[in-house]
Amino acid sequence: MGPCIYVLKRSCVNWVRKLKEKPATIVGIAIFFFIFLVPLLAQGISVDTSKAGDINILYLIFFGLSLFFVGASVAAGLSTGTSFFTMSDVNLLFTYAISSNNILVYGIIKDMGWSIVVSVFMLFQIANLRANFALSILESAYVVIVYALLVFISQVVSLVIYSFTNANQRRKDVVKYAFIILLLLVVAYLVYGVSSRGTEAIQDYVIYAVPVAGWLLGMLAGVLTSNIVLFVISVAVIIAFILAVIGFMLKFKPDYYEDCLINSENAYHARQAMKGDRSAQANIKRKTRFKNVKTMKLGGGYGASSFFYRHLVEIKRTDKSVVFGTSSVLLLALGIGMGIAARFTSNDIVFAGFAVMSYIGLFLVGITKLTQELSRHFIYLIPDSPFKKLLFASLSSIIRPFISGILLFLPPVFINGFPILTSLILVLCYASINCIYISANIVIHNIFGKYSSMSLLAFLYFLFALLLLSPAAGLGVLFGVILDSVLIGFFTASIINFVTTIIVVFICRNLVHNIEFK
C-alpha cells in the first residue's frame, strides 16, 4: 500500500505546485470563494427561518435525487461503466508489482476525494436549506456530506454492475428489469402512502430499506430527527454494502483492471477530444449496435439541416425514441413526485423543483451535439450560412429541454390540479434557461477555442452563464413586480432568454466558418 499512498501524496503536491504556473486558475479559485462562499456563509448565519416548511419535503427531494443518481449509475453500468482511475494511474500502478487489492482501495479513496470536490457546489444551497427547512449551519453542512456520499456510492454501483454484467447479455437483462420493477414498486408505495397519510410516508421503514437511496435517506433523517438507532443502522448497512462491493471485486473479479483500463482510456480520449484532439475521438471504444433506424420524415436533411437530421438518427439509435429517452423515466418520476408533494403541502414545491432542476441543468449541459461537431471537419466544409449551421447543430440540444420540462411540470397538473398555464410557462422558462447554458458554451468556444485550461473554461462557463441569465432575471423580476404577476415575470424572463440565445448564436456564427484545427 506504500506506493499507492505515495502516488496520492505526490498527486496532491504536484497539483499545488502546478498552480504556480497557472495564475489564471488561482485567480479563478479566489474569485470563486470570494463571490460565492463568503456571501453564502454570511447569509447563512442571519437568514430568516420563520417561513420554513416541512422537513419531510427535504426528505422527498433527497430521495428523488438519490433515485435519479442511482438510476443513472445503473444505466451507465449496463452500458459503458465507470472507472476510479486516470491514465496516469494506469501507467504508474497497473504496470507496477502492486497487489490489485491495494490498487482498488487506492481508486476508491481517490474517487471519494473527487466526490467531495464535486459536491462543493452544494455549499451554495446552505442558505436555502436554512431558510426553507429551519436547519442549522452544521445540519446543512451534513446534508452536503450525505450528498457527497451519494455521488461516491453511485460510482461504486456503476462499477460493480459493469463488472458483473460485462459481456453477458442475460445478466444485463436481469439487472435492468429487476431495477425497473423495484423502481416502480417504490414509486407506487410512495404515491399510495403520500396520498393516504401525507408526506410523513417518506419516513416509513419500507422507504429506508430501499437499496442505496433509502439507506442514505435513513442516514440523513437519523441525524436531522435525532434518531440514533436509524442513523447507526443506516451507516452500518452502507459500510457493509461498500465492503461487500470491494469483496466481490477482489474475490470474483481479480482482473477488474481490464474493465477499468477500457473505461479509463475512453475517459482520457473523451477529455482529449474536448480539448480539440480529433484523433482522440476516433479512439473511443464504443459498442456498435447494428440496428435499422427508419426514416425521420425530414428528407434526410439538406445543407445545414443535415446536422439536425443526423443528430435525431443518433438519438433514436441510442435511446430507441427521439422523444422519450433513457432519462425520461427518471424525469417523469421526479415530476410525479413533485405533484404528490404539492398535493399535501402547496404549489410552492413545484417552483422549488423548477429552481433545483434549473440549477442542476448548469452541470448537465456541458457537452452537447454542437461540442462534438466542432471537433470534426464536416461542419466547416458544408457550403451554407454559418448562422444556419450553428443553429441546426444546436437544435437537437435545444429541443430536449422542452421535452424534459413537459415531463417535469405537467404531472403536477393532473395530480394536484396545478394551473396548466403556470405549468406551460415553467416548461418554457426551463427550456429557455437551458438555451442560455448552450449559449454560454458557444461563447466559450468562440472566444477561447479548444486549447485552453479545462478548469479555467469551466469557471468561465459558469460566469458567462450567470451573465447571460442576468438580463432575463432582472427584467423578469421588474415586470413581475410592476404588474404584480409571477407568471408575467417568468414569461418575460423566458422571452428574454430566447432573444439572448438568438443574439449569441448570430454574433458567434463565424465559429463554424473559421477552422482552428492544427
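Read-outs: derived from the displayed coordinates by stated rules, not from any lab. Given the structure is predicted, the values throughout are model-derived calculations rather than measurements. Please note: Cβ atoms are built from the backbone with ideal geometry, for glycine as well, and neighbour counts cover all protein chains shown.
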Among the listed pairs 9/172; 20/110; 18/110, which have their C-alpha atoms separated by more than 28 angstrom in this model? 9/172
Using θ = phi - 60° and the Karplus relation 6.51 cos²θ - 1.76 cosθ + 1.60, list the HN-Hα couplings for the stretch 385-394 in order, rounded to whole Hz, with x at every Gly or Pro. 4, x, 5, 5, 5, 5, 5, 5, 5, 9
For a quick protection proxy, order the peptides 234-241, 390-397, 433-440 by their average other-Cβ count within 10 Å, most packed first. 433-440, 390-397, 234-241
